[in-house]
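Contents: one structure, followed by commentary.
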Amino acid sequence: MKHTDLASVASTLLLSLLLPAVLAHGGEEGPHQDSHGDDHKEDTKYPATYFALSEHAGVMYAHIAVMTIAWVVLLPVAVMLSLAKSQYTLLLQFVFLSANALGVVLAAIYSAKAPDLYPNNAHHKIGWIITAVVAAQVLVGLVGRIASASRGQTRSGEEHAFIPVAMQDNASRGYFSSGYRMSHDSGQDSGPASESLRGHSGDEDDEIKDNAFEDMTLAASSHKGRFASKAAKVVSSRVWKPLTTSYQVIDRIILPFGFVAFATGIATYGRFFEGRGIFSGLAHWIKGGIFFWLGLFSLGRWCGSFAEIGWAWNARPPRRGRAWRPSSEFVESALICFYGCTNIFLEHLSRWGGRWTGRDLEHISITVLFIGGGALGMLVESSRVRELLNTTMYDEASEPSYSDEERKRRKRPKTYEFSLNPVPALVILLLGSLMSSHQQPTMMATMVHKQWGNLLSAASLARTITYVIMYLKPPKLVLPSRPPTELLASFCMISGGIIFMASSVDTIDGMIHYDLDAMFMYTVTLGLVGLLMAWEVTVLALKGWAVRRERRVGMPRN
């Protein structure tokens, strides 16, 4: 199995893979609730936060604004250009690094002047780590660009360009005329039927492209300069293959990683989840983050991402060989089952050593639902199980006594060609229904839980209507069918995930302390989600534009 396929799927589901290490429901039943009961934190006891700190607030606002532009606006465009093998990739990456560096400088200035209200917070560590990761990725791309330029691999008139050039035509599909490719080339290509996040041509093309790195034997001439000579040596060494693989993996995981840094920044700014409050924070913010990214993932599928493997509500394109390609419903069911299997041991973590309560058993029952629902969903998606269930009819159909008309009637239904599995949607629907009626210690918490519970339920109902549409009119084309109900499902899933994160104990206490009602969070979230969805569609469209432009540039001219 190719690393590019695995890394691309992992980019959208990264937060789900963090569950066994850090997931704990904690919730409102932890010690924090015991100390407050039905009352929120008294004003005299509420800790000082950066949110309420007026000194040097302008520097912090500037830091937030610059980092938002860098990670929400610039980086997604740079990632899409990198996946499209665009010649503008390095330019956008360096613009992002410049904006990120400015944000780091502003944060350092603020930290030097403001008191340390949240000692040893995770945001500072994660910020430095993710900055180093992105800088290393850009350095790998720059080395590959310089090494290629030193051998004259760029187009005529662009030998001294600062940005990478992807010489791509219909025959080479991402190769240079000499057989080399750029360091940022992921070994993939987006076909005309799918301008997806990770389009690729086929098994043989991927195999050739992956081996292209190993076959590079660049030797720099003495007049190319010392740095070009060193770059050529790196490219021709054994370490180049792991470096390019890391580059491709970072392209797929850097946005979820940035989301983690952004979330920890919010927690630090509001001084959330100190002490044992971390359990409630991890429970709500990780699970809310999963629904948030699942909504973005669903919107990407609607736009046409992953159409080459049949995940964009389209007919699955034929593929060479018999390689197993799971459906998106199988992946969703597997993650649901995985969540249940891990979380069942963590429901009592915030009360470790204490007595079990009825609420603990309620949460255990929800995890059992996830285990059973996920396992059922995987069985429904298994073609092997389907064949076994059809054993009797297959035996009868093999008898020679049947006429041609009868044999024709016993062919596989058209619905076998795509997934109609409502089990993942059913599990989310039940979760939303249960949590919207979940008893909470305060009226504010009850309202917020009801908000995200209703949103998740609405997302599940919209997905169910999608299945009805697909059943009545199965997709026959490889182009994305784009059912309108998936836009509704994506909107409700993203909004529900954000409000899920806002339903933790510390965030509810903060809303009460600063006199913010539940509708404030609800309306602000819905407005921001609308903008975010519009931006995602725009970014994916830019990726498609970049792919087409590189094809036009790489076409031979008469």
Q.
Just to be sure before I move on: is I278 closer than 30 Å to S504 by Cα, open to solvent by 30 Å² or more (accessible area, probe 1.4 Å) and either at pLDDT 95 or above or of a type in the set (V, I, T) (or both) in the structure I sent?
A. yes
Q. Of the numbered conditions (1) touching a Pro at 6+ places or on another chain (Cβ under 8 Å); (2) over 18 Å from I336 (Cα atoms), T464 satisfies every one except a single condition; which is it?
A. (2)
Q: Restricting attention to helices (runs of 4 or more DSSP H) lying wholly within segment 29-128, give those where 3 or more residues are out of contact with any strand residue (DSSP E or B) (no Cβ under 6 Å at 6 or more places or on another chain) and at pLDDT 95 or above.
A: 57-68, 75-83, 89-113
Q: Could you grab me the full set of residues in segment 256-277 that are part of a helix (DSSP H, G or I) and free of Cβ contacts under 8 Å to residues at least 12 places away in the same chain?
A: I266
Q | Of all residues in segment 471-509 being more than 17 Å from the chain's Cα centre (by Cα) and aromatic (F, W, Y), the one that is surrounded by the most Cβ atoms within 10 Å (Cβ to Cβ) | A | F500
Q: Determine which single condition S398 fails, assuming it passes every other condition in (1) open to solvent by less than 60 Å² (accessible area, probe 1.4 Å); (2) at pLDDT below 75.
A: (1)
Q: State all residues of segment 294-316 that are part of a loop (DSSP other than H, G, I, E, B) and open to solvent by 30 Å² or more (accessible area, probe 1.4 Å); if no residue qualifies, say none.
A: R316
(Q) Whether any residue in segment 540-547 is over 24 Å from the mean Cα position of the chain (by Cα) and open to solvent by 40 Å² or more (accessible area, probe 1.4 Å) is what I want to check. (A) no
Q) Just to be sure, is V468 without any contact (Cβ under 8 Å) to a residue 24 or more places away in the chain, of a type in the set (A, V, I, L, M, F, W, C) and open to solvent by 10 Å² or more (accessible area, probe 1.4 Å)? A) yes
Q: Quick one: which residue in L91, L83 is open to solvent by 40 Å² or more (accessible area, probe 1.4 Å), under 27 Å from the mean Cα position of the chain (by Cα) and within 26 Å of S305 (Cβ to Cβ)?
A: L91
Q. Among the listed residues S504, S495, which satisfies the condition of being at pLDDT 95 or above and either closer than 15 Å to L296 by Cβ or touching a Gly at 6+ places or on another chain (Cβ under 7 Å) (or both)?
A. S495
Q: For segment 244-282, name all the residues that are closer than 16 Å to L83 by Cα and among the aliphatic types (A, V, I, L, M).
A: V249, I250, I253, I254, L255
Q.
Looking at W311, W324, W302 in this structure, which one is farther than 29 Å from P119 by Cα, free of Cβ contacts under 8 Å to residues at least 40 places away in the same chain, of a type in the set (A, V, I, L, M, F, W, C) and touching a helix residue (DSSP H, G or I) at 6+ places or on another chain (Cβ under 6 Å)?
A. W311
(Q) Which of the numbered conditions does R252 fail, given that it passes all the others? Conditions: (1) touching a residue at least 40 places away in the same chain (Cβ under 8 Å); (2) in a helix (DSSP H, G or I); (3) closer than 30 Å to Y514 by Cβ. (A) (3)
Q: Please find, within segment 226-242, the residue that is surrounded by the most Cβ atoms within 10 Å (Cβ to Cβ) out of those that are under 16 Å from S148 (Cα atoms) and modelled with pLDDT of 80 or more.
A: W240
Q: Looking at (1) under 30 Å from P317 (Cα atoms); (2) assigned to a helix (DSSP H, G or I), find the lone condition where S457 falls short.
A: (1)
(Q) Report every pair of residues separated by at least 6 positions or lying on different chains whose Cβ atoms are under 6 Å apart, first residue within segment 505-532 and β-branched (V, I, T), second at pLDDT below 90 and buried (at least 17 other Cβ atoms within 10 Å of the Cβ). (A) V505/E28; V505/H32; V505/S280; I512/H40
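The values are calculated or read from the model by the stated rules, or taken from the named source; none is laboratory data. Computed from a predicted model, the values in this text were never measured in an experiment. Please note: Cβ atoms are built from the backbone with ideal geometry, for glycine as well, and neighbour counts cover all protein chains shown. What goes into the accessible areas is simple: the full protein's heavy atoms, side chains included, and nothing from ligands, DNA or RNA. Shrake-Rupley method; radii C 1.70, N 1.55, O 1.52, S 1.80 Å.
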